[in-house]
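To start, the structure under review is shown below, and the notes come after it.
Since every read-out is calculated from the coordinates, none of them should be taken as a lab result. In this text the structure is predicted, and so the values were computed from the model without any measurement. As a convention, Cβ positions derive from the backbone with ideal geometry for all residues, glycine included, and neighbour counts pool all protein chains shown.
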Amino acid sequence: MANERRTLLLEFEKPLVELEAQIQQVRDKSSEFGVDVSEQIRDLEERAKHLRHEIFSKLTPAQTLQVARHPRRPSTLDYIQAISDEWFELHGDRRGSDDPALVGGVGRLNGQPVVMLGQQKGRDTKDNVARNFGMASPGGYRKALRLMEHANRFQMPILTFIDTPAAWAGVEAEKFGQGEAIAYNLREMFRLEVPILCTVIGEGGSGGALAIGVGDRLLMFEHAVYSVAPPEACAAILWRDAQKAPQAAEALKITARDLLKLGIIDEIVPEPVGAAHSNPVEAAENLKAALLRNLADVQALSSSERRELRYQKFRRMGVFSQAV
């Protein structure tokens, strides 16, 4: 377990892990020699609490990207299973494909029937390869649209969970119409009559994220990222040097705080101190509360009002004024 923790350790977490190791050593010595060190342990635990808060409240965009990509960060299926009363996964795009990189199905949220879907990354190398690292194929996006049309037909709200570096960019993806599949989803999501809530739970990259990201409300976890392209790709394009990814991450404005200021997202979902992977249960509780609150708001509107507000929301994006 300790070896696994070291393997998954982020560089900026080292001071915190060293302090936690010190606390454990004090506990072990206390048990070994029968000495009461409860006061010292309380002091050290308080220091660890403050240090954890200090580290995670001052993350740079590049560090936030590392947290969003953390292998132990809760995935789409983790959240669906945690927040739903019941859940039944549906498969296939009805055109001969069932992409494991994009999962979805029907369930109940607080007793209400909903359709939930999102990109699914793997937990280890083998699982990531099977799920193509959460990069969906054209069949994956067509499966997503089939589920959304099912929701629209039976008047069920749609909840999407975004967690992908990008859409799959392989030759096979282009052969089967990746661009068309994404564009078709964008168009069709604007016409759906039911409420649509989209949440960036980890990494939201490029058109692969946007293909399930057209909704009435766009929520984003505190330490998630959302960008037009991965910072490494941006750096390679602009400076021909992927090592300048931290500089690109700063310029792209990929963090939740930046995107809220820009009007791209509607709400930041708070994460536990230490990020979602440190306490997945609390993260899921925060997500469920945010979804229920926003769902109540958009359900109070008529379908025509929702569609008009959805359209205007995206029309406002990118509008700017230039100082003379």
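Observations on the model:
- FRET efficiency, residue 94 to residue 237 (Cβ-Cβ, R0 30 Å, nearest 0.05): 0.25
- Counted by Cβ distance under 11 Å from residue 150, the other residues give a net charge of +3, where Lys and Arg count +1 and Asp and Glu count -1.
- Considering the range 41-175, its Cα convex hull presents a mean projected area of 11.5 nm².
- Given 261/313; 14/121; 58/261; 175/313; 14/49, the pairs whose alpha carbons are separated by over 21 Å: 14/121; 175/313
- Residue of 286, 294, 110 that the Gaussian network model of the chain assigns the largest fluctuation, springs spanning Cα pairs under 10 Å: 110
- Of all the options 213, 274, 202, the one that moves most in a Gaussian network model of the chain with Cα springs shorter than 10 angstrom is 274.
- Net charge of Cβ neighbours under 10 Å - reference residue 93; Lys, Arg +1; Asp, Glu -1: +3
- Percent of Cα pairs exceeding the 35 Å cut-off, where the set is the chain: 25 percent
- Relative contact order (percent, whole number), the chain, Cα cutoff 8 Å, 6+ residue spacing: 15 percent
- Antiparallel beta bridges, as assigned by DSSP with both residues in the range 200-324, represent about 10 percent of the total such bridges.
- Of 265, 55, 237, the one that fluctuates the most in a GNM where the chain has Cα springs shorter than 10 Å: 237
- Percent of beta bridges antiparallel (DSSP, the range 65-316, rounded to nearest 5): 40 percent
- Relative to its residue count, the range 141-216 spans a Cα convex hull of 72 Å³ per residue.
- Helix-only [θ]222 nm of the chain, DSSP H runs n ≥ 4, -39500 (n - 2.57) each, per residue, nearest 500: -15000 deg cm²/dmol
- Debye-sum result for the range 201-318 in log10 I(q)/I(0), which assumes one identical scatterer on each alpha carbon, at q = 0.14, 0.16, 0.20 Å⁻¹: -0.68, -0.86, -1.17
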